[in-house]
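Visitor: Let me begin by handing over the structure; questions about it come next.
No lab work stands behind these numbers, since they all come straight from the coordinates. Only a predicted model underlies this, so the values are computations on that prediction, with no experimental measurement involved. Reconstructed Cβ throughout: ideal geometry from the backbone, glycine too, with neighbour counts over all protein chains shown.
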Amino acid sequence: MRRILTNDLQTVSRVKRQLVDDWSKQSGGEYFHMFSPSSRWRYERPTSVLLADLKNFRALPLNEPIIVRDGALGLTLFFKRFPEPINLKLKLYIHEKVAHVVPGSWRRHLGMYRLYSRIRDVLGQPRWSLILAQVSERSTLPRWCVPHLKELNKSNQPLGAYFPIVNNSKKLENKGFAIAHFFQMFFGAINRPLKFLTYEEFYRAKGFSEAQILDLNDHRAISDSDLVHYALQAGGHLFKKNRVATAAKTRWRRYLISEHHGFELRPQLPNDRKSRKTQREQDAFYRFNFRRDLQMSGLSQKEKVIVELDKAQEWLDFIED
């Protein structure tokens with residue numbers, strides 16, 4: 001009996017390793033390239049990963065936090081392939097805004113994170129505001145952003161914006177509609193002059209020490225945008241609605257990554273508020289699509305990821321409605 005059990009465990013282990021290898025061959029980093037520049041990463045520590053593009057679990061460190069930068073779409077792709085935990089020794093941290101997509105089997109194996117920046121009270125009032133967003137048909141302007149944009153619109157501060165536009169759709173009309181919808185909502189809230197920064201103006205700026213940063217990230221594509229990291233590392237600080245409570249008064253632990261900002265980490269996810277019926281439907285969705293996707297053939301790597309993103313987006317539209 002012991003020998004049979006050992007053989008079964010070895011078989012399961014081989015199957016899991018094969019699944020990881022298959023996903024490595026299929027993805028090829030397409031998710032990263034689709035959502036660049038937000039998907040870039042400029043720090044050696046902590047280790048970061050896009051689970052939608054993960055090549056090898058065994059390459060990840062065991063004794064340090066691992067920041068999962070996928071948004072809800074990337075996590076949905078990952079959980080479709082791995083509805084059950086693969087490696088329980090790793091400590092993965094997902095953004096607090098995407099905890100709702102985690103299947104029940106994974107919840108106790110994940111922590112969560114959020115960004116923090118230096119306290120504005122010490123620095124005085126900002127002199128201008130910088131609005132950041134990456135625009136594609138996979139991203140939307142979150143409803144919670146509109147009141148903050150209107151607040152900035154009423155202020156006397158100069159406004160700047162950097163909105164790189166990316167293409168991650170097979171249909172050009174999808175991209176055009178998404179861009180038009182984004183700017184329609186944006187200019188519905190902002191109706192005074194602002195400066196749109198070019199790539200060179202944003203990445204060659206001398207610093208953002210006098211700027212407050214409003215991130216319009218809806219956490220669909222990338223939860224942890226390099227655009228925001230760059231601006232904070234250059235001295236900017238988070239807009240007051242993006243800031244978080246003092247870590248000392250909560251269960252969050254701070255992890256400094258630059259002189260001006262860092263992560264706050266919490267080893268557990270928040271209590272799941274989904275009903276048992278919704279959780280069962282979600283878990284069934286991951287298992288069903290996982291089996292079906294393995295039968296897909298004849299598609300290029302990018303086409304396969306796009307098809308899967310379409311499926312994931314339909315599911316997220318349903319559960320987030």
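Visitor: Among Lys154, Lys311, which comes first, then next, by fewest other beta-carbon atoms within 10 Å?
Guide: Values: Lys154 8, Lys311 17.
Result, fewest neighbours first: Lys154, Lys311.
Visitor: What full-extension length gain, to one decimal in nm, is calculated for Ser105 and Tyr43 as 0.36 nm per residue of separation minus the Cα-Cα distance? Show your work: numbers first, answer last.
Guide: On the way: separation 62, 0.36 × 62 = 22.32 nm, distance 3.07 nm.
Difference between extended and current length: 19.3 nm.
Visitor: Could you pull out the pairs from Lys91/Lys311; Lys97/Lys150; Lys150/Lys304; Lys97/Lys154; Lys97/Lys311 whose alpha carbons sit more than 32 Å apart here? Don't jump to the answer; show the numbers that get you there.
Guide: Numbers: Lys91/Lys311 28 Å; Lys97/Lys150 23 Å; Lys150/Lys304 39 Å; Lys97/Lys154 28 Å; Lys97/Lys311 20 Å.
Going by Cα-Cα distance, Lys150/Lys304 fall outside the 32 Å limit.
Visitor: Let me ask you something else. Please report Val101, Val307 as a ranked list, fewest other C-beta atoms within 10 angstrom at the top and most at the bottom. Kindly include the intermediate steps, with their values, before the conclusion.
Guide: Numbers: Val101 24, Val307 14.
With the fewest neighbours first, Val101, Val307 line up as Val307, Val101.
Visitor: Using the Karplus curve 6.51 cos²θ - 1.76 cosθ + 1.60 with θ = phi - 60°, what ³J(HN,Hα) values do you get for each residue of the range 41-50, in whole Hz, with x for Gly and Pro?
Guide: With coefficients 6.51, -1.76 and 1.60, one gets 9, 10, 10, 6, 9, x, 5, 10, 8, 9 Hz.
Visitor: Given labels modelled 7 Å from the Cα in the Cβ direction, how far is it in nm from Leu256 to Lys240?
Guide: 2.7
Visitor: Starting with the fewest neighbours, write out Arg143, Arg81 ranked by other beta-carbon atoms found within 10 Å of each beta-carbon. Please list the in-between numbers first.
Guide: Working: Arg143 9, Arg81 22.
If I rank by nearby Cβ atoms, fewest first, I get Arg143, Arg81.
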